1. Given the criterion over 27 Å from GLU34 (Cβ atoms) and open to solvent by less than 30 Å² (accessible area, probe 1.4 Å), identify the matching residue among ASP103, ASP62.
2. Do we find that CYS264 is open to solvent by less than 30 Å² (accessible area, probe 1.4 Å), in the same structural domain as LYS296 (by TED's automatic domain parsing) and either out of contact with any Pro (no Cβ under 8 Å at 6 or more places or on another chain) or in a helix (DSSP H, G or I) (or both) in this structure?
3. For residues in region 1-28 being within 9 Å of the ligand (Cβ to nearest atom) and touching a residue at least 60 places away in the same chain (Cβ under 8 Å), which is most open to solvent (accessible area, probe 1.4 Å)?
4. Taking THR117 as the residue in question, decide whether it is in contact with a strand residue (DSSP E or B) (Cβ under 6 Å, 6 or more places away or on another chain) and either open to solvent by less than 60 Å² (accessible area, probe 1.4 Å) or not in a strand (DSSP E or B) (or both).
5. Could you tell me which numbered condition MET304 fails, if it satisfies all but one of (1) modelled with pLDDT under 90; (2) assigned to a loop (DSSP other than H, G, I, E, B)?
6. Only one of these is modelled with pLDDT under 90, open to solvent by less than 50 Å² (accessible area, probe 1.4 Å) and assigned by TED's automatic domain parsing to the domain that holds ILE227: PHE285, PHE281, PHE274. Name it.
7. Here are LYS235, LYS249: which of them is under 30 Å from ASP322 (Cα atoms), open to solvent by less than 90 Å² (accessible area, probe 1.4 Å) and either modelled with pLDDT of 95 or more or not assigned by TED's automatic domain parsing to the domain that holds CYS276 (or both)?
8. Quick one: in region 90-100, of everything that is surrounded by fewer than 18 Cβ atoms within 10 Å (Cβ to Cβ) and either away from the ligand (no atom under 16 Å from the Cβ) or of a type in the set (D, E, K, R) (or both), which residue is farthest from GLN25 (Cα to Cα)?
Amino acid sequence: MNSDFINKARQYIKCKNSAKKRIKQCFYPGCPNESINSHILQRQGILDQISINSHLWTFEKDVFEENEFAFKRTGLKKAFSFNGFCNTHDTELFKEIESGMIDFTSYRTNLLFTLRTVYDEIYKKMVYANTRDCLLKNDTTLFDKDKLQEESENAKLAIDDLNTLSGKILYDLDNNSQQFVFQNRTLPQIGICLSSFFTYDTSEEIEQIEKEKGSNLERYTELFMTIFPYKNNTKLIIAYEKIDEEKVKDYVDEFFLSNNPEICYKKITNLTIFNCQNKVFSEDFFNEKIRGIEYKYIEATQFMLNEENKIERTSYDINFYDNSFKDDFVGLNFQLT
Ligand SMILES: [Zn+2]
């Protein structure tokens with residue numbers, strides 16, 4: 001490693017740590033209290049179901065690694081957590097989904113799981129923007145400052161959109177206005193926990209609409225996805241805004257075909273690998289589906305992060321539930337050059 005590389009990585013880590021420290025206030029609108037470290041999915045009954053000796057595997061950006069991403073064995077306390085709420089809001093707001101019996105037919109249950117996903121995403125985007133703002137203040141030529149500026153501005157726009165969305169969810173919780181559509185299903189147990197956003201519109205579609213309109217789209221059509229272990233099975237929840245129902249219904253329904261679960265399995269495999277960075281894995285899952293082919297997961301992530309390569313709603317023929325998954329994935333050629 002040359003000294004520029006090490007210097008750059010050091011500056012990045014320093015700014016990321018200070019970016020995290022700057023996020024102190026509870027996310028609940030108007031609450032002045034200091035936030036505490038809380039889990040995106042509760043430890044008891046969910047995260048502890050897939051952890052061994054209180055450890056899980058995370059997949060993270062690592063600036064000290066040459067290819068920038070790495071799987072890491074992480075303590076349960078650190079994995080899948082963020083500083084979002086004060087003690088009162090963390091306890092009060094999510095009380096209904098923290099108890100032993102969770103009623104998945106309830107609109108509020110689904111809403112609360114989605115709210116946590118939204119706030120976690122806000123937190124991640126804040127860390128991302130603050131890190132870039134900190135690097136921009138540094139007197140250094142190691143970074144492309146125009147790029148940092150653009151990344152910071154884009155993250156702030158995304159935070160505004162997410163705040164609008166969390167506002168709608170909080171309104172729903174108080175008013176029973178039901179502005180969202182939720183679908184959930186039980187899957188055979190698999191050692192994955194993820195919460196994720198997925199923009200339904202493809203880049204090509206967005207470009208086309210914006211060209212016709214002559215201006216930027218005011219909002220994208222987002223799908224919110226949560227997968228987690230629950231009572232010896234795995235739960236999948238997909239949510240979207242009711243105003244998008246006509247557009248996304250057919251696509252989302254494919255996850256819930258009871259006569260052909262294979263379609264669902266393949267879709268969640270693709271989404272986990274290509275579209276979602278907020279995920280943790282159990283030791284068993286890591287050993288069976290990841291160990292030895294880590295490079296392929298990293299390649300897939302880098303492929304997706306490249307603006308030129310968008311597979312978006314495409315789904316490859318890979319399925320975590322197949323015994324041949326590793327071979328199928330290794331043999332997959334997604335290099336669209
Ligand atoms: Zn609070």
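The values are calculated or read from the model by the stated rules, or taken from the named source; none is laboratory data. For clarity, every value in this text was computed on a predicted model and none was experimentally measured. We place every Cβ from the backbone using ideal geometry, glycine too, and count neighbours over all the protein chains shown. Each accessible area value is taken on the protein alone, full model and side chains, heavy atoms only, with ligands, DNA and RNA left out. Shrake-Rupley method; radii C 1.70, N 1.55, O 1.52, S 1.80 Å.
1. Numbers: ASP103 fails: open to solvent by less than 30 Å² (accessible area, probe 1.4 Å).
Answer to the selection: ASP62.
2. Values: open to solvent by less than 30 Å² (accessible area, probe 1.4 Å): yes; in the same structural domain as LYS296 (by TED's automatic domain parsing): yes; either out of contact with any Pro (no Cβ under 8 Å at 6 or more places or on another chain) or in a helix (DSSP H, G or I) (or both): yes.
Against the criterion (open to solvent by less than 30 Å² (accessible area, probe 1.4 Å), in the same structural domain as LYS296 (by TED's automatic domain parsing) and either out of contact with any Pro (no Cβ under 8 Å at 6 or more places or on another chain) or in a helix (DSSP H, G or I) (or both)), CYS264 qualifies.
3. Filtering region 1-28 down to residues within 9 Å of the ligand (Cβ to nearest atom) leaves 25-28.
Filter once more, keeping what is touching a residue at least 60 places away in the same chain (Cβ under 8 Å): 26-28.
Working: CYS26: 9, PHE27: 32, TYR28: 61 Å².
Ranking the candidates gives TYR28 first.
4. On the way: in contact with a strand residue (DSSP E or B) (Cβ under 6 Å, 6 or more places away or on another chain): yes; either open to solvent by less than 60 Å² (accessible area, probe 1.4 Å) or not in a strand (DSSP E or B) (or both): yes.
Judged against the criteria, THR117 is a match.
5. (2)
6. Details: PHE285 fails: modelled with pLDDT under 90; PHE281 fails: modelled with pLDDT under 90.
Exactly one of PHE285, PHE281, PHE274 is modelled with pLDDT under 90, open to solvent by less than 50 Å² (accessible area, probe 1.4 Å) and assigned by TED's automatic domain parsing to the domain that holds ILE227, namely PHE274.
7. Numbers: LYS235 fails: either modelled with pLDDT of 95 or more or not assigned by TED's automatic domain parsing to the domain that holds CYS276 (or both).
From the options LYS235, LYS249, the qualifying one is LYS249.
8. In this case the residue turns out to be GLY100.
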